[in-house]
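Engineer: Have a look at this one before I ask anything.
Laboratory data are not the source of any read-out in this text; all were calculated from the coordinates shown. For clarity, every value in this text was computed on a predicted model and none was experimentally measured. Cβ placement follows ideal geometry from the backbone for every residue including glycine, while neighbour counts extend to all protein chains displayed.
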Amino acid sequence: AENIGGVAEYTGNHSAILCQPGSAGELTDAILTLYKDQNMRLRIGDMARVRANELDWPIVAKRTIAVYEETLAKRAGHRL
C-alpha cells in the first residue's frame, strides 16, 4: 500500500508493505516480493487479521467510551 494519510495507522506494524506515494517501482517490488515469498504473505496476512480484530468497531467503541469516562472523571475531580 502507499504510505499516505492514515494507512500506516490502520495497517499497524508488520501487516503491510508501505511504499512511497506515487512510486510505481516500489509497489511493483512489494508485489513481486509477496508473490515470491509465501512465508511473508502468510505472516503479513496473519498480522493483518490481528490488526483488523484490534480495529473491530465494538472494541474501538469500548476504548472510546473508556477515554470519555476517564476524561469526565478527571474533570469532575478538578471541580471538587
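Engineer: May I ask you to evaluate 6.51 cos²θ - 1.76 cosθ + 1.60, the Karplus curve with θ = phi - 60°, for each residue of the stretch 3-13 and list the ³J(HN,Hα) values in order in whole Hz, giving x for glycine and proline?
Structural biologist: With the stated coefficients, the stretch 3-13 comes to 7, 9, x, x, 4, 4, 5, 5, 6, x, 7 Hz.
Engineer: Add -39500 (n - 2.57) for each DSSP H run of 4 or more in the chain, then divide by its residues: what number comes out at 222 nm, to the nearest 500 deg cm²/dmol?
Structural biologist: One gets -23500 deg cm²/dmol as the mean residue ellipticity at 222 nm.
Engineer: Name the residue, out of Thr33, Thr64, Thr11, whose mean-square fluctuation peaks in a Gaussian network model built on the chain with Cα pairs under 10 Å.
Structural biologist: Thr64
Engineer: Give me the net charge of Cys19's neighbourhood, meaning all other residues with Cβ under 10 Å from the Cβ of Cys19; Lys, Arg count +1, Asp, Glu -1.
Structural biologist: -3
Engineer: Now, a different point. Which cross-chain or sequence-distant (5 or more) residues have an amide H under 5 Å from the amide H of Cys19, H modelled 1.01 Å from N in plane?
Structural biologist: Glu2, Asn3
Engineer: Further, regarding this structure: Could you work out the relative contact order of the chain, using alpha carbon pairs under 8 angstrom and six or more residues apart, expressed as a whole percent?
Structural biologist: Answer for the chain is 26 percent.
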